[in-house]
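Taking it in order: structure first as structure tokens, then the write-up.
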Amino acid sequence: FIVGLCPRKRCGSGSWRGGLVSMLASLLCVAAFQDSRLWWWLRGAGLPAFYCSRHAAPFPVPNTSDVEEVRSWAAGLVAEMTEKEKHGMLNGVGWLAGVQLPGYYVGNIVAIPRLGIPAINMQDAMQGFRTTSSRMIGRVTSWPCALAVAAVWDEEATWAWAKAIGEEFRAKGANVILGPSVEVHRTAFGGRNAEYITGEEPFLGRRHTEAYVRGAQEGAGIATVVKHWVLNQQETDRKKVNVYVSLRARWEVYYPPFEAAVKAGVASVMCAYNVIGGEQACESSETIETDLKGEMGFTGFVMSDWYAITSYRAAAEGTDMDMPGDDGYFSHYTLSRLPAGLLDEKVTRVLTGMSRSSAFLNPDPNTTCRAGCNCSELLVDAIGTNEEHLWLTRHLAAAGAVLLKNDPPNASSTRPLPLQKGHRVAVVGSACDAKPVDSGWVWDWTAADYYVVGGSGRVLSSRTTSVLGGLRKTDLFLRTSLSDSADDAEWAMIGADVVVICGGATTSENYDRSTLKLDQDAFIAEALQRASKLSVPSVVVALAPGAVVLPWHRQADAVLLLFLSGEATGDAAADVLTGRFSPSGRLPVTLPEDEDQAVQPCRGRQVCDYVEGLKGGWHLYDGREVAFPFGHGLGYTDFKYDVVQDWQDGMGSDGAGWALVVKVTNVGALPGEEVAQLYLRYPNFEDDHRPEWELRGFRKSPVLLPGASHELIFNLSARDLSVWDVPLYLWRIPTGTFGAFVGASSRDARLCGVFGGNGSSEPMAACASNQWSNLWWRTT
């Protein structure tokens with residue numbers, strides 16, 4: 001109603017009309033808190049007359065994976081709609097002048113009861129059901145962040161995670177997850193890097209993204225929205241930054257995770273805030289119409305990020321749905337003037353995406369509601385978590401923990417980890433017992449801590465355990481100092497068998513990080529000096545929101561890194577530190593030696609030119625010494641690699657590629673898992689301005705006892721071997737031979753060889769000590 005006071009053109013935020021609208025809306029909201037009857041009136045804003053009381057007709061949804069069959073069904077349904085009903089399928093409700101109204105989800109599309117079409121209830125985000133009210137805290141699981149799950153390097157784990165999250169969304173009345181988030185990291189300072197399951201590698205992102213979409217949609221019957229399309233690598237000036245990236249780099253570095261989502265049948269794609277080549281992302285017909293809907297064959301719908309649209313052109317340029325819907329850009333006036341057939345096409349896409357995702361299939365009457373009518377109890381009070389989910393979140397947090405180093409303090413001693421039963425352990429540093437965001441601060445949506453991100457992906461919990469809290473549940477003898485005082489820490493270390501030193505850092509949407517150092521960096525450096533003076537073995541536990549710099553890592557005997565790991569952080573850390581869970585996480589990002597090695601975010605309206613081309617992500621560090629490279633991670637044991645079957649042509653996953661079989665053997669004294677990684681060197685990579693080595697496969701073994709072996713099969717499809725041909729606008733396999741190595745990280749080659757080409761292959765075998773020496777790397 002308030003927005004309707006404006007003339008046909010939208011009241012700009014800087015105009016006197018815009019100021020008046022904001023003032024009146026604010027007064028209404030304040031008054032509404034005092035008068036529940038006014039809230040009742042506001043809840044009906046944007047809803048059709050008698051909407052809440054209308055009985056829903058039967059809704060026979062086709063249970064098929066055939067896209068054309070689903071589109072045909074959807075088109076038939078659209079033909080029965082009135083123009084106003086069609087408009088309602090494309091424009092959100094439940095927000096007024098930037099304020100989310102009570103009883104509504106983060107995103108809401110009205111139902112059409114006379115046709116049986118359910119309401120579309122959307123909630124943030126891929127890492128769990130967003131807690132926007134203190135009453136919601138503890139009723140859902142606070143999961144590890146996406147980057148922590150990426151560090152597991154296990155698609156089955158990602159599938160199980162997504163399925164469990166989908167189940168919680170269903171229990172809370174939602175049928176759409178506003179995720180997964182899949183931007184490939186470019187700047188280590190990125191404020192939302194913790195939310196991006198891709199890490200620094202598009203291939204890793206492809207595999208995790210497909211697993212997530214399938215886990216949520218096929219496993220839990222809930223629609224997913226892959227985001228943010230596209231080139232949304234930073235939070236600094238995110239609505240202004242004008243990104244320029246070559247077509248080839250787009251297709252080979254930044255598009256692949258989105259391609260994987262499309263392949264998996266994702267319901268929707270969310271367009272981003274940034275500008276691409278002078279066009280706002282939601283108004284870029286080149287990226288939306290030509291690349292996404294055209295070349296990739298995406299059949300679902302494109303929705304805007306919240307208030308991302310900046311002009312009335314968005315609807316005509318490819319965006320199908322405006323969120324949250326109160327900005328006027330998808331008004332009845334705008335939508336009624338779209339070219340003939342385009343309105344129907346957009347609504348058909350919405351129905352197709354939702355139906356293919358199984359979100360409309362077999363709805364549970366106990367968890368089905370219409371936002372603005374009867375969703376409040378489900379949204380706020382329904383319990384989504386359960387014991388199985390709490391076990392899974394602890395398992396994922398432990399599996400994603402990365403052991404960066406674990407060296408004996410001297411030649412006559414043993415490795416400091418795992419901690420032994422009965423050990424006297426000094427636990428020092430404030431981060432060891434850091435408090436989570438208080439429930440009273442839930443209104444501050446960017447507030448963050450060492451367990452969860454700030455912003456729309458935040459899920460708070462009343463069960464969060466600190467590192468100290470987890471260690472207190474073990475059979476260790478603990479002595480603590482939580483003041484970040486080196487003197488106090490030294491006192492706690494006297495007589496200890498080992499010292500655990502904690503540090504952490506936070507991150508949030510809306511801001512990029514100002515530093516890659518941990519908050520307690522200076523304290524950790526001093527505490528390590530005191531530990532060395534007392535000859536006490538040292539273990540540093542880093543709670544990180546992404547890539548971090550650890551200037552003191554050479555002075556630490558052991559370093560364990562956990563990316564923000566949710567409510568089970570402390571329990572998971574204790575599981576790994578004590579050896580109840582053998583560490584098997586691997587870095588999905590590079591840890592640089594210092595901050596100057598990392599790319600800084602672009603600022604202002606300047607052109608942000610990705611001059612690195614194909615050498616983005618972890619390749620930005622190629623040829624430079626780093627603290628810990630992409631793919632690195634240790635366990636409590638060691639593994640030997642052997643070739644079982646060399647490369648065979650025509651044996652790939654699509655019958656057209658290549659296949660290799662490798663055996664890993666536990667040659668250590670403790671059980672453990674290994675993550676074997678396959679890297680390829682493409683023909684003529686130098687002339688092609690490509691990185692020398694690119695990840696094209698990874699396989700994780702089960703837990704192997706000492707002496708046990710397991711065979712890992714690497715399948716390369718034609719797509720895995722292909723490069724993007726810009727003139728032909730398609731994928732093609734280059735001619736020539738491919739170099740290959742299988743190893744424990746991007747700089748730790750174990751088996752080397754060459755395949756393809758005209759008979760010039762070299763069998764895979766143990767890498768010679770002087771072979772590919774540029775890959776050699778050590779932690780000391």
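The values are calculated or read from the model by the stated rules, or taken from the named source; none is laboratory data. Given the structure is predicted, the values throughout are model-derived calculations rather than measurements. Positions of Cβ are generated from backbone atoms using ideal geometry, with glycine treated the same way; all protein chains shown enter the neighbour counts. For accessibility, only protein heavy atoms count, side chains too; no ligands or nucleic acids. Shrake-Rupley method; radii C 1.70, N 1.55, O 1.52, S 1.80 Å.
V149: in contact (Cβ under 8 Å) with a residue 24 or more places away in the chain, open to solvent by less than 10 Å² (accessible area, probe 1.4 Å) and touching a Lys or Arg at 6+ places or on another chain (Cβ under 8 Å), yes or no?
no
Have a look at R415, R458 and point out the one that is over 27 Å from S485 (Cβ atoms), open to solvent by less than 50 Å² (accessible area, probe 1.4 Å) and not hydroxyl-bearing (S, T, Y).
R458
Could you tell me how many of the residues in segment 356-365 are open to solvent by 10 Å² or more (accessible area, probe 1.4 Å), within 16 Å of G166 (Cα to Cα) and of a type outside the set (A, V, I, L, M)?
Total satisfying the criteria: 5.
Quick check on my filter: what residues within segment 470-495 are open to solvent by less than 30 Å² (accessible area, probe 1.4 Å), hydrophobic (A, V, I, L, M, F, W, C) and more than 15 Å from V540 (Cα to Cα)?
L476, A492
Filter segment 239-277 for residues that are of a type in the set (K, R) and closer than 23 Å to Y511 by Cα; which is most open to solvent (accessible area, probe 1.4 Å)?
So the residue we want is K239.
Pick from A97, A74: which is under 14 Å from E345 (Cα atoms), touching a residue at least 40 places away in the same chain (Cβ under 8 Å) and small (G, A, S)?
After applying the criteria, what remains is A74.
Determine whether V225 is within 16 Å of T158 (Cβ to Cβ) and of a type in the set (A, V, I, L, M).
no
Of everything in segment 128-142, what is touching a helix residue (DSSP H, G or I) at 6+ places or on another chain (Cβ under 6 Å) and either open to solvent by 10 Å² or more (accessible area, probe 1.4 Å) or modelled with pLDDT under 95 (or both)? Give them in sequence order.
S133, S134, R135, I137
Does T737 satisfy the criteria of being open to solvent by 10 Å² or more (accessible area, probe 1.4 Å), within 24 Å of V253 (Cβ to Cβ), touching a residue at least 24 places away in the same chain (Cβ under 8 Å) and polar (S, T, N, Q)?
yes
I need the full set of residues from segment 669-701 which are over 29 Å from the mean Cα position of the chain (by Cα) and open to solvent by 20 Å² or more (accessible area, probe 1.4 Å), in order please.
Those that are over 29 Å from the mean Cα position of the chain (by Cα) and open to solvent by 20 Å² or more (accessible area, probe 1.4 Å): A669, L670, P671, N684, F685, E686, D687, D688.
Among the residues of segment 385-405, which ones are open to solvent by 10 Å² or more (accessible area, probe 1.4 Å) and more than 21 Å from the chain's Cα centre (by Cα)?
Correct list: N386, E387, E388.
If you take just the strands (runs of 3 or more DSSP E) that sit entirely in segment 555-661, which of them hold at least 3 residues that are open to solvent by 40 Å² or more (accessible area, probe 1.4 Å) and of a type in the set (D, E, K, R)?
Answer list for segment 555-661: 639-649.
Quick check on my filter: what residues within segment 326-353 are within 26 Å of the chain's Cα centre (by Cα), open to solvent by less than 10 Å² (accessible area, probe 1.4 Å) and not hydrophobic (A, V, I, L, M, F, W, C)?
Those that are within 26 Å of the chain's Cα centre (by Cα), open to solvent by less than 10 Å² (accessible area, probe 1.4 Å) and not hydrophobic (A, V, I, L, M, F, W, C): T352, G353.
Being open to solvent by less than 20 Å² (accessible area, probe 1.4 Å) and touching a helix residue (DSSP H, G or I) at 6+ places or on another chain (Cβ under 7 Å) is the filter here, so list the residues in segment 82-108 that pass it.
Within segment 82-108, H87, M89, L90, L96, L101, G103, Y105 qualify.
What are the residues in segment 486-524 that are closer than 16 Å to V467 by Cβ and assigned to a strand (DSSP E or B), if any?
V498, V499, V500, I501, C502, G503, G504
Of everything in segment 511-525, what is open to solvent by 10 Å² or more (accessible area, probe 1.4 Å), touching a Phe, Trp or Tyr at 6+ places or on another chain (Cβ under 9 Å) and either modelled with pLDDT under 95 or within 16 Å of L482 (Cα to Cα) (or both)? Give them in sequence order.
D519, D521, A525
Residue-by-condition table, conditions (1) outside any loop (DSSP other than H, G, I, E, B); (2) without any contact (Cβ under 8 Å) to a residue 24 or more places away in the chain; (3) not β-branched (V, I, T):
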| position | (1), (2), (3) |
| --- | --- |
| Q234 | no, no, yes |
| V243 | yes, no, no |
| W251 | yes, no, yes |
| F258 | yes, no, yes |
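When residues of segment 653-689 are filtered for being out of contact with any strand residue (DSSP E or B) (no Cβ under 8 Å at 6 or more places or on another chain) and at pLDDT below 95, how many remain?
Residues in segment 653-689 being out of contact with any strand residue (DSSP E or B) (no Cβ under 8 Å at 6 or more places or on another chain) and at pLDDT below 95: 8 in total.
Just the residues that are open to solvent by less than 10 Å² (accessible area, probe 1.4 Å), out of contact with any strand residue (DSSP E or B) (no Cβ under 7 Å at 6 or more places or on another chain) and assigned to a helix (DSSP H, G or I), please, taken from segment 171-208.
Answer for segment 171-208, where residues must be open to solvent by less than 10 Å² (accessible area, probe 1.4 Å), out of contact with any strand residue (DSSP E or B) (no Cβ under 7 Å at 6 or more places or on another chain) and assigned to a helix (DSSP H, G or I): N193, G205, H208.
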